[in-house]
Amino acid sequence: MSSSKSKEYWQKMADSIASQNETTNKRNNEYLKTDIEFVKSHLNKGDDLLDIGAGSGLVTNALIDSVKQIIAVETFEGLTQFIHKDILVINAELPTFKIRKEFDKIVCTGVTHFFTKSDVEKIYGNMFKMLKSGGKLILRSHCGLKETVVINGYSEELSSDYFTEYRKLEEEVELIKSKGFTRVDVIDEVADELNVWENTRHYYFVCYK
Ligand SMILES: C[S@@+](CC[C@H](N)C(=O)[O-])C[C@H]1O[C@@H](n2cnc3c(N)ncnc32)[C@H](O)[C@@H]1O
């Protein structure tokens, strides 16, 4: 199995996107305020920040005044047209993206569940290498509660083929730790409007190098 179905979904959106808000949850995007406040609470004015899977910049654009510099990585150029002109944008494949620079913080919101375990393992491994010692990775990810839940097929709600892998929460924590992170805090404070399924839940993760 690969993440090619999620890739096709986002490529299609990138080819036709007309407004920045199209990348948000279709039901309600009030959760964005909570995401932005959560991420900001972990940033310092002097930080070098890397945003992985920055999409149309809904989170990253809001962080400009909270850090020294942001580099935003996103595969699809069509999405990144909305990212603020002062942010350096790199269009690259996420599982293989790595640059020889170390960041104080890395942020990645609403991205990791679109990748299979083997792809996300590469992403977490490269994130660890791109963090300074003492740095933090701040994630929002969607996880399975009792077990891993995979959606791989046609979604009526989105009228499209779709792939997501909501890995069991404890497994995701172990996966992150296996890449070298010394401590992973799981924070159950994601806005209620994102948590609509009884067998899955969104969490924030703060991972320490
Ligand atoms: C819900 S958006 C989140 C964007 C942004 N981080 C935010 O919080 O607004 C999901 C992002 O994951 C990226 N993504 C999902 N599946 C992908 C894949 N298979 N390959 C590359 N990028 C993918 C999409 O391009 C998109 O930018």
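Things worth noting here:
- Helix content alone sets the calculated 222 nm mean residue ellipticity of the chain: runs of n ≥ 4 DSSP H residues at -39500 (n - 2.57) each, divided across all residues, give -7000 deg cm²/dmol.
- DSSP finds beta bridges in the chain, and of those with both partners inside it, around 55 percent are antiparallel.
- Antiparallel bridges, percent of DSSP beta bridges restricted to segment 91-197 (to nearest 5): 50
- Label zone of Asn195 (point 7 Å out along Cα→Cβ, amide N under 15 Å): in segment 158-173 this covers 169-170.
- If you run the Gaussian network model on the chain, springs between alpha carbon atoms under 10 Å, then out of Thr182, Thr24, Thr112 the most flexible one is Thr182.
- Paired Rg and Dmax values of the chain, which use every Cα atom, in angstrom: 15.8, 45
- Mean separation of Cα contacts under 8 Å (6+ apart) over length of the chain, as relative contact order %: 20
- Label point distance in nm, Ser118-Leu158, each placed 7 Å from Cα along Cα→Cβ: 2.1
- Taking GluC sites (Glu not before Pro) across segment 93-122, the ones in a DSSP loop with at most 15 further Cβ atoms lying within 10 angstrom of their Cβ are Glu93, Glu102.
- Relative contact order (%) - criterion: Cα under 8 Å, at least six apart; region: segment 1-106: 27
- Radius 14 Å from Cβ of Phe82, net charge of other residues (Lys, Arg +1; Asp, Glu -1): -4
- Think of each Lys and Arg Cβ as +1 and each Asp and Glu Cβ as -1; about the Cα centre, that makes the dipole of the chain roughly 840 debye.
- Distance between the pseudo-spin-label points of Asn21 and Arg183 (7 Å out from Cα toward the beta carbon): 3.9 nm.
- Excluding same-chain neighbours fewer than eight residues apart, the aspartates and glutamates reachable from Lys105 by a Cα-Cα span under 18 Å are Asp35, Glu37, Asp47, Asp48, Asp51, Asp65, Glu74, Asp185.
- Lys, Arg +1 and Asp, Glu -1 on Cβ, resulting dipole of segment 22-139 about Cα centre, debye, nearest 20: 300
Readers should treat all values here as calculations from the given coordinates under stated rules, not as data from a laboratory. Just so we're clear, the structure is a prediction, and the values are computed from it rather than from any experiment. Cβ coordinates were reconstructed from backbone atoms using ideal geometry, including for glycine residues, and neighbour counts include every protein chain displayed.
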